[in-house]
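Asks: Got a structure for you, questions after.
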Amino acid sequence: MAQEASPTQQCAEAAAGAEIEVCLRLAADHPEHVTGIAAALQAHVARAGVPERALLDALLALVDDDSAPDAARQLAALGDPRALPSLTSCGERRAHAVRLACVEAMAAWSESLAPLTDWLSHPKTPEALRIAAIEGLGRLGTDTAADVLVRTLETPGQSARLRAALRDGIARHYPERLDDIGDAVRVDGRPWLMLGGGAALGTALSAAGQLGKAELAAVGVVTGGITGATAGALYGRAFPMEAGDAAFITTSGLMGTAAGQLLLSPSGETAGVLGRLGGATLGYGTGVALHKVHLGTGRDSVEALGMTSALAVTSAGVTTLLRQTDSMEPVLGTTVALGGIGAHALSPRMDVTAEDRGLITFTTSLTTAGAVLWPSPREATTGRVLVGLGTGPLVSWALAGPVDATAGVQTGAWAGMLHGGVFGGGVGLAIGPEAENLAAARTGALAGMLVGSGVGAWRTWADPEPIDPDDVVLVGIVGSWTAWQAAGWGIHGQASTRTTGILVATPAVASATAAVLASEVDVPVIESISSTSLGLWGIYAGGVGAQLAGRPSLPGALIGGNVGLGVGALLVSPVVGVPPVVIGVADAGGALGGAAGVLVGALTTDDDAVVLGASLVGVGLGATGGALLGTRWVRSGSARDMAMVRPRAGGTWSLAPLAIDVEGVRHHGLSLRVTGW
């Protein structure tokens, strides 16, 4: 069979016939071959005429990131529609600065309306590309492009930054459409106004109760909260406000209140109350003054509140480690005040996705576990844990932009962290069983978690294939089974501390080995479960058999389980190829037979051994009968329903006589002709 020519060869052949658009299409479809395609075009430049040469020179310059922006503008000036596919591919795949230049250049062709609309309308498109598409649609200058901008602005859930870019684009390119967008609020900010109003008035009335020595602070909090929330709802209804603006005002006020209280509370109760009032006034006032400048959404304000809290927790941990707890509150107050300002400034510039939130959870778990496991004096544990809890989210927010941690990568990191931690802890326990405070085990667990999470993340990132649920089930079964075996033999043998460490590390090694082999061996979920079910029957049979023989049941169950699992793996393997349905029906028959055996044995005798023996016999008979029945079942159609294999029968059946009265005349008999099953 002849091998298909590479994109570079196809371009060279097309260029020889002056079919330059073929090269452009190939460059758009195969960006990994751009260099070779560019070389093929370069060979054609010398043979081209002046107009053709200008197009080719610009396309060649588009390959290099440094010259690409100028090349995009040159292609727009030439206006040759054959350049549009290359510019579209550039807008989708190239670096940020190059992408923007290519998208803006696409406005030279009316045909660019479709890709620009797709980029702007799709919420998963990077925000920078969506904003560039706004400029491209603005430069098109058509009514259809204006409709796209207005419709996108009216779509709920857009970020404040994108809404600002849409309003600016409409104002500059389609000022006649400003009346169409008006000042309608896209996301209602009343819930935030209710929260802010309740917190502000509750703070004021509780302070009045404390300063008045009337012991009415609690009453003031409740009364002020209800009144303030009502006032916020009424204000939001009379003067609608975007959720992003209302959230900025509310979170600024809450941070100011907390900072003022913390800064002045060491000077006495009255000073703390005054600090709380002053901080609330300054915080809410700043929010009201700057809410038009702040371009964040409600989610951005929540992220700012989270970042500030993480900074405060980190500060508390550092202060505890330094044993400067006397100055804890002023340090926290300063952190909340300055951290709140910085967080509100940064959060609108950070696009935290659902995958980034998963990264935050993972990193926080890792840093917190590391703080707990760190082998240092026990009295420093509180400070370390606080530092771990605080630094995890901060590191994650810093990595959210440059690191593309997909769900698969995070799953690999979680799996690697758990397996590495168990393995490292077991090895450390085996190496240093007598170490004080389990220092060796904790050090090994910490090192294993760090290395394992890195290896797991890299492994899933380097593998282009998504994680297969079949592999997840297989690895889980291998790890769980090995853990059960290790725990059982350790308990039975009364393992020493060193041996316990080895047993602890064994399941992690088994799971890691299974994970490596799973990519090479395809084991469907149903086959993994089927073989495991026989292993569970082996545990039952081995334990009961050992007890009937007067031996300890635990080792019998351990050995029987391994035998059953091995038999199950052999049966479902290609060597034997027993259908999972046969094993499933055998499992059901074994459960039914075992229950019947126990019931019959219990009704006929009080001897425990007889009852156990009857249960084993019932399991054996029921499983055998179920397996035989399962061989008669097949899958019927795509719905995967179970159906019995029909027996062969003759072509004509006669049913029993049936008497029917019709108008006083009795008729007898009914015949059914069967031509086949």
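The values are calculated or read from the model by the stated rules, or taken from the named source; none is laboratory data. Because the structure is a prediction, the values reported are computed rather than measured. Glycine gets a Cβ as well: all are built from the backbone with ideal geometry, and neighbour counts include every protein chain shown. Calculation scope for accessible area: heavy atoms of the full protein, side chains included, ligands and nucleic acids excluded. Shrake-Rupley method; radii C 1.70, N 1.55, O 1.52, S 1.80 Å.
Asks: Of all the residues that make up the stretch 462-489, how many are among the hydrophobic types (A, V, I, L, M, F, W, C), touching a Gly at 6+ places or on another chain (Cβ under 8 Å) and either in a loop (DSSP other than H, G, I, E, B) or surrounded by fewer than 16 Cβ atoms within 10 Å (Cβ to Cβ) (or both)?
Replies: Total meeting the criteria: 1.
Asks: Output the residues belonging to the stretch 130-149 that are more than 15 Å from A76 (Cβ to Cβ), open to solvent by 10 Å² or more (accessible area, probe 1.4 Å) and not acidic (D, E).
Replies: R130, I131, T142, T144
Asks: List the number of the failed condition for V302; all other conditions in (1) over 25 Å from R357 (Cβ atoms); (2) in contact (Cβ under 8 Å) with a residue 12 or more places away in the chain; (3) part of a helix (DSSP H, G or I) hold.
Replies: (1)
Asks: Test T361 against the criterion of being of a type outside the set (A, V, I, L, M), under 18 Å from S309 (Cα atoms), touching a helix residue (DSSP H, G or I) at 6+ places or on another chain (Cβ under 6 Å) and in a helix (DSSP H, G or I), and give yes or no. Steps first, answer last, please.
Replies: Numbers: of a type outside the set (A, V, I, L, M): yes; under 18 Å from S309 (Cα atoms): yes; touching a helix residue (DSSP H, G or I) at 6+ places or on another chain (Cβ under 6 Å): no; in a helix (DSSP H, G or I): yes.
No, not satisfied.
Asks: Kindly indicate whether any position in the stretch 404-412 is more than 16 Å from the chain's Cα centre (by Cα) and either closer than 20 Å to A508 by Cβ or open to solvent by less than 70 Å² (accessible area, probe 1.4 Å) (or both).
Replies: Checked the stretch 404-412: no residue is more than 16 Å from the chain's Cα centre (by Cα) and either closer than 20 Å to A508 by Cβ or open to solvent by less than 70 Å² (accessible area, probe 1.4 Å) (or both).
Asks: Given the conditions (1) of a type in the set (S, T, Y); (2) out of contact with any Pro (no Cβ under 9 Å at 6 or more places or on another chain); (3) open to solvent by less than 20 Å² (accessible area, probe 1.4 Å), report the number of the one that T391 does not fulfil.
Replies: (3)
Asks: Note down all Cβ pairs under 6 Å where the first residue falls in the stretch 488-510 and is among the aromatic types (F, W, Y), the second is assigned to a helix (DSSP H, G or I) and open to solvent by 60 Å² or more (accessible area, probe 1.4 Å), and they're at least six residues apart or on different chains.
Replies: As it stands, the answer is none, since no pair meets every condition given.
Asks: In the stretch 312-336, what count of residues is obtained for those that are open to solvent by 60 Å² or more (accessible area, probe 1.4 Å), out of contact with any Pro (no Cβ under 9 Å at 6 or more places or on another chain) and at pLDDT 85 or above?
Replies: The initial filter retains those residues of the stretch 312-336 that are open to solvent by 60 Å² or more (accessible area, probe 1.4 Å), namely 318, 321-326, 329, 334.
Imposing the further condition that a residue be out of contact with any Pro (no Cβ under 9 Å at 6 or more places or on another chain) reduces the set to 318, 321-325, 334.
Among the residues that remain, those that are also at pLDDT 85 or above are: 318, 334.
Summing the residues that are open to solvent by 60 Å² or more (accessible area, probe 1.4 Å), out of contact with any Pro (no Cβ under 9 Å at 6 or more places or on another chain) and at pLDDT 85 or above in the stretch 312-336 gives 2.
Asks: Given the conditions (1) in contact (Cβ under 8 Å) with a residue 40 or more places away in the chain; (2) out of contact with any Asp or Glu (no Cβ under 9 Å at 6 or more places or on another chain); (3) under 25 Å from G479 (Cα atoms); (4) surrounded by fewer than 23 Cβ atoms within 10 Å (Cβ to Cβ), report the number of the one that G426 does not fulfil.
Replies: Here G426 clears every test but (4).
Asks: Now, a different point. Restricting attention to strands (runs of 3 or more DSSP E) lying wholly within the stretch 565-677, give those where 3 or more residues are modelled with pLDDT under 55 and exposed (fewer than 10 other Cβ atoms within 10 Å of the Cβ).
Replies: 671-673
Asks: For the stretch 152-163, check the following and say yes or no: at least one residue is more than 25 Å from T353 (Cα to Cα), open to solvent by 50 Å² or more (accessible area, probe 1.4 Å) and of a type in the set (V, I, T).
Replies: Scanning the stretch 152-163 turns up no residue that is more than 25 Å from T353 (Cα to Cα), open to solvent by 50 Å² or more (accessible area, probe 1.4 Å) and of a type in the set (V, I, T).
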